[in-house]
Amino acid sequence: MSKVKLGIIGIGNMGGSHIQNYVENKMPEIEITCVADIDPARFEKAKEKIPGVVCFSSASELINSGLCQAVLIATPHYDHPPIAIEALNAGLHVMSEKPAGVYTKQVKELIAVAEKSDKTYAIMFNQRTNCVYRKVRELVHSGAYGEIRRVSWIITDWFRTQAYYNSGGWRATWSGEGGGVMLNQCPHQLDLWQWICGMPSKIKAICHEGKWHDIEVEDDVSIYAEYPNGATGTFITTTADAPGTNRLEITMDKAKLVCQFNQESNEFEIKLYELEDSLSSYIKNASGGFDKPNGAWKTVETDGENPQHAGVMNAFAAHILHGEPLIAQGAEGINGLTISNAAFLSSWLDKTVEIPFDDELYYSMLQDKIKNSKFEKVVVEQIQADMSNTF
């Protein structure tokens, strides 16, 4: 087997972008043999780009066709776990777009199926291929600068207008998307937050629902986190700031790391302030009350590589064909989702939530939100037909 035969389920914006990567020969060990979508209007474009591709009107038809060895799921959020479970049970490898699902109870069911399967379950955390975040993680995990003491991520460059939210009846509803800025825009950042800094043990959050837009889900979020080692963290996001900020700041015992997007240069910058002495030692031993530890800033260079979606798919194929490492195991998708679910639960209950939290309680409260949703009856056909953009 020289190539992995792949079926794409959902060929809207994201599925279409994967097809384009394939057409541009960015995925040499993958052969797209079939696609599925409930909107037949999309089939003609797929056939133009991939002569001979077979088109199906449902995920189940594609999964049971025998035409592929793996599937890529690029459908609305709620559909990710059930389609992945069906594909794994049918003996297919699975790559799922983010998020892994909408609620942890559902994703745990998927992970249990994946653990019993001998097939690969992976998730599209393409930002893990970004040289900037890979370098930040390398520095933090090297151990050279001691434990994390504090982390803060301000990610507010997601500006969206009311017209954006009006573009589909499913958008920004509890029944259609299962959340707002945290489920739509921030899954990558929430994954990177835990990938770089580890999982928090406690979450206290305020999730403002419809604060800046006429929507029922959150568009302004402030999360406070506590870690098992005593470190603390904050994560602030919104779709209503302009020009917005993307700044990740990590304080360790012997250094301060700042990763920020420079809007003038249109590039990310990493700067590291290296201390001559550790903070824990200096606080104890300095003779003067206003003494400050010496140190110096330096700019951190990266390897410049950022293969994104194609890189994740190539690693997926290489894992299946050659046993090479994945960019992200599918089971890891529950981590960032755990943080967002915990933040919702904290906000709804107005109290600090410990991780792990009560999955059943979260599911029950989410169902109440869905019952009162403006978009009460989710019709998958309508969601997919209306979907023009996944972000």
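Assorted remarks:
- Looking at the chain, the DSSP beta bridges with both ends there are about 60 percent antiparallel.
- Carbon/sulfur fraction of accessible area - region 294-356, other protein chains in place, 1.4 Å, %: 45
- Degrees between helix 333-349 axis and first principal axis of the chain (Cα, 0 to 90, nearest 10): 70
- Using a probe radius of 1.4 angstrom, the carbon and sulfur fraction of the accessible surface of region 14-96 is 51%.
- Remark on Lys202: its backbone amide H falls under 5 Å from those of Glu226, Ile355, a criterion applied only to residues 5 or more positions apart or on other chains, H modelled at 1.01 Å from N.
- Rounded to whole Hz, the Karplus (6.51, -1.76, 1.60) HN-Hα couplings of region 14-31, x for glycine and proline: 6, x, x, 5, 5, 4, 5, 4, 5, 4, 7, 6, 8, 10, x, 9, 10, 10
- Cα pair distances of the chain binned at 10 Å [whole percent]: 5, 22, 30, 26, 12, 4, 1, 0
- Accessible area of region 213-329 divided out per residue, in Å², using a probe of 1.4 angstrom: 52
- Cα long-axis angle, helix 131-141 against the chain (0 to 90 degrees, to the nearest 10): 50
- For Ile123, the residues whose amide H sits under 5 Å from its own are Ser96, Ala328, Gly330, ignoring neighbours fewer than 5 places away on the same chain, with H placed 1.01 Å from N.
- Anisotropy class of region 1-86 from Cα gyration tensor, a/c 1.5 cut: rounded
- Set of region 14-56 residues, backbone N closer than 14 Å to the point 7 Å along the Cα-Cβ line of Glu324: 26-30
- Where only DSSP H runs of four or more residues are counted, the chain gives -10000 deg cm²/dmol as its mean residue ellipticity at 222 nm, each run worth -39500 (n - 2.57).
- Shape of region 1-40, Cα gyration tensor, a/c cut at 1.5: oblate
- Distance between modelled label sites at Lys292 and Ser142, nm, 7 Å Cα→Cβ extension: 2.4
- Residues with amide H under 5 Å from that of Val71, placed H, sequence gap 5 or more: Gly7, His93, Val94, Met95
- In angstrom, the C-alpha Rg and Dmax of region 182-234 are 12.6, 40.
- Stretching Gln194 away from Thr302 to a fully extended chain increases their span by 36.8 nm, per 0.36 nm per residue minus the current alpha-carbon distance.
- Taking θ as phi - 60° and the Karplus parameters 6.51, -1.76 and 1.60, the scalar couplings of region 364-372 work out to 4, 5, 5, 4, 4, 5, 5, 4, 9 Hz in sequence order, x denoting glycine and proline.
- Accessible area expressed per residue, region 1-96, with surrounding protein chains retained (probe 1.4 Å, Å²): 40
- Partner aspartates and glutamates for Lys271 [C-alpha distance under 13 Å; skip if fewer than 8 residues away on the same chain]: Glu249, Glu301
- Global geometry of region 53-122, whether rounded, prolate or oblate, following the gyration tensor of its Cα atoms and the 1.5 cut on a/c: oblate
- Kirkwood hydrodynamic radius of region 139-180, from inverse mean 1/r over distinct Cα pairs, in Å: 14.0
- Probe 1.4 Å, accessible area per residue of region 140-194, Å²: 31
- Whichever lysines have a C-alpha closer than 27 Å to that of Lys3, once near sequence neighbours (fewer than 8 apart) are set aside: Lys26, Lys45, Lys47, Lys49, Lys98, Lys116, Lys119
- Put simply, when 110-121, 323-334 are sorted by average Cβ atoms within 10 angstrom per residue, most first, you get 323-334, 110-121.
- Rounded tilt (10° steps) of 308-322 against the dominant C-alpha axis of the chain: 70
- Calculated from backbone phi, Karplus (6.51, -1.76, 1.60) coupling profile of region 352-360 in Hz, x at Gly/Pro: 5, 10, 8, 9, x, 10, 7, 4, 5
- Percent accessible area from carbon and sulfur atoms, region 182-262, protein chains only, probe 1.4 Å: 50
The values are calculated or read from the model by the stated rules, or taken from the named source; none is laboratory data. Given the structure is predicted, the values throughout are model-derived calculations rather than measurements. So basically every Cβ, Gly included, is an ideal-geometry build from the backbone, and we count neighbours across all protein chains shown. Areas reflect the complete protein model, heavy atoms only, side chains present, ligands, DNA and RNA absent. Shrake-Rupley method; radii C 1.70, N 1.55, O 1.52, S 1.80 Å.
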